[in-house]
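A short write-up of the structure that comes next.
The values are calculated or read from the model by the stated rules, or taken from the named source; none is laboratory data. These numbers come from a predicted model, not from an experiment. Here the Cβ is made from the backbone with ideal geometry for all residues, glycine too, and neighbour counts use every protein chain on show. The area values use the complete protein model at the heavy-atom level, side chains included, leaving out ligands, DNA and RNA. Shrake-Rupley method; radii C 1.70, N 1.55, O 1.52, S 1.80 Å.
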Amino acid sequence: MPSAQPVSGTLDTPAPARPEPSGPAAPPRIVPRRRTGQWAAAALVLTLLALAATSVVRNDAFQWDVVAEYFFTTAVLRGLALTLWLTALVMVLGFALGTLLAAMRLSANPVLRAVGWGYVWLFRSMPVLVQLLFWFNIGALYPYVLGVKTVNLLGPLAVALIGLTLHEAAYAAEVVRGGILSVDRGQLEAARSLGLSRWRRGRRIVLPQAMRAIVPPAGNMLIGTLKGTSIVSVIAVQDLLYSVQLVYHRTYQVIPLLLVATLWYVVVTSVLSAGQYYVERHYARGAERTR
């Protein structure tokens with residue numbers, strides 16, 4: 001029986017290769033947008049600032065040597081101390097009276113609301129210089145108060161304190177009232193339903209949230225009051241501005257002495273601005289907004 005012959009001509013053909021799975025596509029390259037206009041504007045502003053700074057520093061008319069000579073003199077530092085004292089006292093008394101006025105404006109009593117509104121309307125309508133001059137000449141209307149001559153009772157410093165405090169209280173009342181109204185009323189209702197007393201609701205619920213809205217305008221008022229105290233120089237209160245005026249009336253070096261006062265105002269304002277930043281950050285804890 002013949003044996004089976006192998007089939008000739010057959011080849012081992014390899015199986016077709018499977019395509020390899022392709023990996024994730026590479027992310028497209030992000031090319032930042034060219035902001036030629038912004039860079040050109042920034043360069044222009046920096047150039048102008050450099051030219052202005054150079055002109056101020058190299059201009060001999062500013063007399064920077066005289067500025068350095070009088071910057072730490074006793075008269076200037078005494079005027080600066082009075083300015084700081086007057087600013088602090090006006091802010092404390094102004095916000096104390098302003099808080100009372102805000103409570104009157106938020107009261108359910110229509111008489112209290114009307115009186116609070118009338119006070120704010122009147123003192124916000126009068127320029128602070130007019131108020132100071134009015135109190136300075138109060139002796140023409142009331143020569144005696146409790147048997148004492150008004151001219152002896154109200155000196156220039158007392159007049160400045162009264163006039164600035166009454167003026168500041170009108171603005172502080174609106175700041176405090178706006179801060180209280182910014183608190184969600186639903187939280188007060190929830191606190192009332194928990195049985196919290198009125199004092200605890202105000203201290204634990206209203207005040208911490210109201211301070212977020214009160215601190216920024218209060219900081220602006222503080223800085224404004226610091227600079228606004230310079231107006232008391234017209235009634236001979238020896239604040240910072242009046243102190244340098246006494247010096248340049250004697251030496252006729254007006255520009256450098258005004259620069260001394262300006263630099264001190266800038267220094268104190270910068271310190272107060274830094275303090276305002278940290279106070280705002282303290283009361284902004286837990287808020288959703290990003291400072």
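Here is how the numbers come out for the structure above:
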| item | result |
| --- | --- |
| Residue match in region 281-290 (condition: open to solvent by less than 80 Å² (accessible area, probe 1.4 Å), charged (D, E, K, R), in a helix (DSSP H, G or I) and modelled with pLDDT under 90) | no |
| Qualifying residue in region 19-30 (condition: open to solvent by 100 Å² or more (accessible area, probe 1.4 Å) and modelled with pLDDT of 85 or more) | no |
| Which listed residue is under 29 Å from the mean Cα position of the chain (by Cα) and open to solvent by 40 Å² or more (accessible area, probe 1.4 Å), from Ala108, Ala88 | Ala88 |
| Tabulated pairs, region 114-131, first under 24 Å from Ile235 (Cα atoms), second surrounded by 12 or more Cβ atoms within 10 Å (Cβ to Cβ), C-beta under 6 angstrom, 6+ apart or interchain | Phe123/Leu166; Phe123/His167; Phe123/Ala170; Arg124/Ala170; Val128/His167; Leu129/Ile231; Gln131/Gly163; Gln131/His167 |
| Inter-residue pairs, beta-carbon under 7 Å, first touching a residue at least 60 places away in the same chain (Cβ under 8 Å) and in region 215-244, second open to solvent by 30 Å² or more (accessible area, probe 1.4 Å) and acidic (Asp, Glu), 6+ apart | Val215/Glu280; Pro216/Glu280 |
| All helices (runs of 4 or more DSSP H) inside region 159-264 with 1 or more residues being modelled with pLDDT under 90 and in contact with a helix residue (DSSP H, G or I) (Cβ under 6 Å, 6 or more places away or on another chain) | 185-193, 207-228 |
| Where a residue in region 251-279 is at positive phi and its partner, wherever it lies, is surrounded by fewer than 18 Cβ atoms within 10 Å (Cβ to Cβ) and of a type in the set (Gly, Ala, Ser), with Cβ under 8 Å and at least six apart | none |
